[in-house]
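Contents: one structure, followed by commentary.
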Amino acid sequence: MSTMKAAVVRSFDAELDVTDIEIPTPGPHEALVEVRYSGVCHTDLHAARGDWPVKPTPPFVPGHEGAGTVVAVGDLVTRVQVGDRVGNAWLWSACGECEYCETGWETLCPQQKNGGYAVDGSFGQYMLVDSRYCPIIPDGVDLAAAAPILCAGVTVYKGLKVTDTQPGEWVLVSGIGGLGHLAVQYAVAMGRRVAAIDVDESKLALARKHGAEVTVNAATEPHPSGRLQELTGGGVHGALVTAVNAHAFPQAVGALRRGGTVSLVGLPPDQFPLDIFTTVLFGLTVRGSIVGTRKDMAEAIDFFARGKVSPTYTVRPMSDINAIFTEMEEGHIDGRIVMDMTA
């Protein structure tokens, strides 16, 4: 029996077990991928801890930012072939038949399967992907750098799209971490003018490096929303909240100009207050955004492949996964951690 190394969640209250498990066999529409790199997302930590109302079932392998090479395919696979470079994603598959799938909103499919959650993911040396849904990674790009695009990248790209902003308009990125530093770059590449807000001056410096014209430190500025209104000539047209603290959401709403839209992709533990009077009077829109469709993924990868987006990341071995999760909980990670699955 062939085996591989994988980081396995055995229990929600125990560390991940880096051990040998069986290499899976692809089903009719599936491909077996030799994983070269896997990004580590905050969702993986939530999965491993069983934090969300609908929990995964241990034992399972987390990970939905895996990138590697197809080594075997099922009988009905036509979209990829052995040797292709592909990834997995949070949207591992969907039903393809419901009203959401039929109208281009497959990310809302009630029957969707999620990578590293309902289906074993990329925290192993091999993984299965549904060949009809897996992201295809172009030749010539660095797989380690591509890994964060497969969740962090597509998530902020779609989140920016649903702010309904246009080129030349202002968009605020709240939180310049693993998602936010990519959001700044996507927004610039999409022709938006970018404002950034964070509580860490080094992260604001990173935002400026990537093209943010306006930055506000919410830890030192007494009225951050008002300051953003001033610096953008009346407020931002759209805002993307990637931050996971209780103050970020009302600050972003407060920075909007009339008719503006705030898009939420971060999942904080707290509920946010919403000023209903202001929301109605100013015609504001509050919108949730969850990852992206296959089309969004292809577009997000294309921006990356053309050099418009460059993730900040650090490569670590899979054996570090429990230390990585501890650092994530303590807020000590800049950009993204990408695990070398062959180390």
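Compactness ratio for segment 236-340: Cα radius of gyration over 2.2 N^0.38 Å (N = residue count) comes to 1.35. What number, in percent, do you get for the relative contact order of segment 154-288 if the mean sequence gap of Cα pairs under 8 Å and at least 6 apart is divided by its residue count? After rounding, I find 24 percent.
For helix 180-189, report the angle its Cα long axis makes with the longest principal axis of the Cα atoms of the chain; keep it between 0 and 90° and round to the nearest 10°. The angle comes out near 80 degrees. Taking GluC sites (Glu not before Pro) across segment 1-32, none is in a DSSP loop with at most 14 further Cβ atoms lying within 10 angstrom of its Cβ. Ratio of Rg to Rh for segment 127-279: 1.00 [Cα atoms; Kirkwood radius as inverse mean 1/r over pairs]. Three semi-axes describe the equivalent ellipsoid of segment 1-68; taken as square roots of 5 times the Cα gyration tensor eigenvalues and ordered largest first, they are 22, 14, 13 Å. For segment 203-279, the extents of the C-alpha atoms along the principal axes are 34, 28, 22 Å, listed from largest to smallest.
When +1 charges are put on Lys and Arg Cβ atoms and -1 charges on Asp and Glu Cβ atoms, the dipole computed for segment 1-154 relative to its Cα centre reaches about 120 debye. In straight-distance terms, cross-link reach from K5 covers every one of the aspartates and glutamates whose alpha-carbon lies under 18 Å from its own, apart from those fewer than eight places away in the same chain; here that gives E15, D17, D20, E22, E34, D44, E65, D120, D320, D340.
Relative contact order for the chain: what percent, with Cα pairs under 8 Å and sequence separation of 6 or more? Value for the chain: 18 percent. Note on segment 160-215: Cα-Cα pairs beyond 17 Å make up 23% of the total pair count. Simple rule: put +1 on each Lys or Arg Cβ and -1 on each Asp or Glu Cβ in the chain, find the dipole, and look at S319, V35, A248; the Cα lying farthest toward the positive end is A248. Comparing A246, A207, A146 in a Gaussian network model of the chain, where Cα atoms under 10 Å apart are tied by springs, the biggest mean-square fluctuation is seen for A246.
With Cα atoms as the point set, the chain shows a radius of gyration and Dmax of 19.9, 65 Å.
Taking 26 Å as the cut-off for C-alpha to C-alpha distance, list the pairs among K203/K295; K161/K203; K203/K308; K113/K161; K113/K295; K113/K158 that go past it. Pairs exceeding 26 Å: K203/K295.
Dipole size of segment 154-288 about its Cα centre, with +1 on Lys/Arg Cβ and -1 on Asp/Glu Cβ: approximately 380 debye, rounded to the nearest 20. Its Cα centre serving as origin, the chain has a Cβ charge dipole (Lys and Arg +1, Asp and Glu -1) of approximately 940 debye. Pairwise Cα distances in segment 114-214 exceed 23 Å in 37 percent of cases.
Bear in mind that the values in this text are calculations on the coordinates, not laboratory data. As the structure is a prediction and not an experimental result, all values here were calculated from the model. Neighbour counts are summed over all protein chains in view; Cβ atoms, including those assigned to glycine, are modelled from backbone coordinates with ideal geometry.
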